[in-house]
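Below: one structure, written as structure tokens.
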Amino acid sequence: VPSRDLANVRIGLKTHAWSASLFVDNVLNRHFQLEHMNLVSFTGPPYSRIATNQPLTAGLDLSYNF
């Protein structure tokens, strides 16, 4: 597998009672092949699958401590 560059960003605030983080994974939305799976089946035709990395994903992570 050739080398690949993925950029992730996370920024957040934290207190003793709660925390909040904003995150973005795979900021540049690059798609890389991680694994090539050649599947052979006896009951049907063979086919190939390629596993890739996670696409651009953003979200908010909230936590509260009791």
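The values are calculated or read from the model by the stated rules, or taken from the named source; none is laboratory data. Since this is a predicted model, take the numbers as computed values, not measurements. For neighbour counting, all protein chains shown are included, and Cβ atoms are generated from backbone atoms with ideal geometry for every residue, glycine included. Areas reflect the complete protein model, heavy atoms only, side chains present, ligands, DNA and RNA absent. Shrake-Rupley method; radii C 1.70, N 1.55, O 1.52, S 1.80 Å.
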Conditions: (1) at pLDDT 90 or above; (2) open to solvent by less than 50 Å² (accessible area, probe 1.4 Å); (3) of a type in the set (A, V, I, L, M). VAL9 meets all but one. Number of the miss? (2)
Mind checking which pairs have a first residue in region 1-24 that is in contact (Cβ under 8 Å) with a residue 40 or more places away in the chain and a second that is open to solvent by 100 Å² or more (accessible area, probe 1.4 Å) and among the hydroxyl-bearing types (Ser, Thr, Tyr), Cβ under 8 Å, 6 or more apart or different chains? ALA17/TYR64; TRP18/TYR64
Taking region 21-66 as the search range and keeping residues that are of a type in the set (Gly, Ala, Ser) and either open to solvent by 60 Å² or more (accessible area, probe 1.4 Å) or in contact with a helix residue (DSSP H, G or I) (Cβ under 9 Å, 6 or more places away or on another chain) (or both), which one is modelled with the highest pLDDT? ALA58
